[in-house]
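Working notes, structure below.
Any read-out appearing in this document is the output of simple, stated calculations on the displayed coordinates, not a laboratory observation. Note that the coordinates shown come from a computational prediction; the quantities given were computed from them, not determined experimentally. Because the Cβ atoms are built from the backbone with ideal geometry, glycine has one as well, and the counts that use them run over all protein chains shown.
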Amino acid sequence: MIVGKIPIRTHVITEKDDIVDVVFKYTGEIAGPGDVIAVAETVVAITQGRAILPETVRPGTLAKFLCRFPGKDGSLATPQAMHLAITETGVPRIFLGVAAAAAGKIAGRKGDFYRVAGRHLTLIDDVAGTMWPFQRHIILGPKTPQEVVDRIKDATGAEAVVTDVNDIGNVDILAASNGIDGKALIKELEDNPFGNDDQQTPIVVLKMAE
């Protein structure tokens, strides 16, 4: 049973940091066996060098064409973000996703593009609006999140998750260590206890009853 949620304020984390070292530094005296350390996926991606300035991306004709379809509020709505999605996934799978989206639209379904092209594309934040100095960057989803949570558990002794949470209650668990009750954890994170702006709290420790 979770008895408390503790947002952990950190320094401004960059690609020069190792996320496991950061988590150990800030939670080593707070989290123990049975507790859960939740880490925002954006900060994991940043430490992996996956924060990219749009002006460094040279989108091709295909990206400029396809970015018209997600809608202006979609995460792939700029040529630069779509170019990175194509680079991440490959042209054939992107085309399959587009075809699936077209068929889904006829059938009145949403989300077929991401189901076919890849769930990882939903993690791309197009000019993410996150904390300085990354407020203008496109943030790709993190690589090998399962390896990250396993390393955190080995380093701290606590359970760990990498998660994507937004302010409207959507919670996506990208990876979790073996001792996690996923359904219970999702419910606990629906209020989005993270703070990726001035709060600088991209890590949350969920304390469990002893």
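So if I place +1 on the C-beta of Lys and Arg and -1 on the C-beta of Asp and Glu, and nothing else carries charge, what would the dipole magnitude of the chain be about its Cα centre? I want it in debye, nearest 20.
Dipole size: approximately 1020 debye.
For segment 59-127, with the dipole built from +1 on Lys and Arg beta-carbon atoms and -1 on Asp and Glu ones, taken about the Cα centre, which of 91, 78, 101 lies farthest toward the positive end?
Result: 101.
Please figure out what share of the DSSP beta bridges in the chain is antiparallel and state it in percent, rounded to the nearest 5.
Bridges in the chain that DSSP calls antiparallel: roughly 80 percent.
Place +1 on the Cβ of every Lys and Arg and -1 on the Cβ of every Asp and Glu in the chain, take the dipole about the Cα centre, and give the residue among 118, 174, 132 whose Cα lies farthest towards its positive end.
Towards the positive end, the residue furthest out is 118.
With a sphere of radius 10 Å drawn around the Cβ of residue 124, what net charge do the other residues whose Cβ falls strictly inside it have (Lys, Arg +1; Asp, Glu -1)?
Result for the neighbourhood of residue 124: -2.
Could you pull out every one of the aspartates and glutamates with an alpha carbon less than 13 Å from that of residue 25, ignoring same-chain neighbours closer than 8 positions?
Within the straight-line limit of under 13 Å, residue 25 reaches these aspartates and glutamates: 17.
How much length is gained on full extension from residue 143 to residue 62, taking 0.36 nm per residue of separation minus their Cα-Cα distance?
Using 0.36 nm per residue and subtracting the Cα-Cα distance, I get 26.7 nm.
What does the charge count near residue 187 come to, summing +1 for each Lys or Arg and -1 for each Asp or Glu among other residues with Cβ under 15 Å from its Cβ?
Spelling it out: positives minus negatives among the neighbours equals -3.
Quick check: pseudo-label points 7 Å beyond the Cα along Cα→Cβ at residue 53 and residue 170, how many nm apart are they?
2.9
For the chain, take the convex hull of the Cα atoms, compute a quarter of its surface area, and give me that in nm², please.
For the chain, averaging the hull's shadow over all directions gives 11.9 nm².
For each pair in 16/64; 5/153; 16/153, compute the distance between the two Cα atoms and list the pairs where it is over 26 Å.
16/64
For residue 105, which aspartates and glutamates qualify as cross-link partners when the Cα separation must be under 20 Å and same-chain residues fewer than eight apart are set aside?
In chain and number order, the partners are 73.
With springs connecting C-alpha atoms under 10 Å apart, model the chain as a Gaussian network and identify which of 77, 103, 160 has the largest mean-square fluctuation.
In this elastic network of the chain, the residue with the biggest mean-square fluctuation among 77, 103, 160 is 103.
About the Cα centre, and with charges only on the beta carbon of Lys, Arg (+1) and Asp, Glu (-1), how big is the dipole of segment 78-162? Nearest 20 debye, please.
I would put it at about 360 debye.
Which peptide among 201-207, 175-181 comes first, and what is the full order, when sorted by highest mean count of other Cβ atoms within 10 Å?
Per-residue mean Cβ counts within 10 Å order the peptides as 201-207, 175-181.
How large is ³J(HN,Hα) for each residue in segment 32-46, as worked out from phi by the Karplus curve 6.51 cos²θ - 1.76 cosθ + 1.60 (θ = phi - 60°), to whole Hz, x for Gly and Pro?
Each residue's phi maps through the Karplus curve to give x, x, x, 6, 10, 9, 9, 10, 5, 4, 4, 6, 4, 4, 4 Hz.
Given axes a ≥ b ≥ c from the Cα gyration tensor, I'd like to know whether segment 6-87 is rounded (a/c under 1.5), prolate (a/b larger than b/c) or oblate.
In terms of gyration-tensor shape, prolate.
Restricting to Cα pairs below 8 Å that are 6+ residues apart, what does the relative contact order work out to for segment 25-83? Please round to a whole percent.
About 26 percent, as a whole number.
What's the extension gain from residue 96 to residue 135 if we count 0.36 nm per residue and subtract their Cα-Cα distance?
10.9 nm
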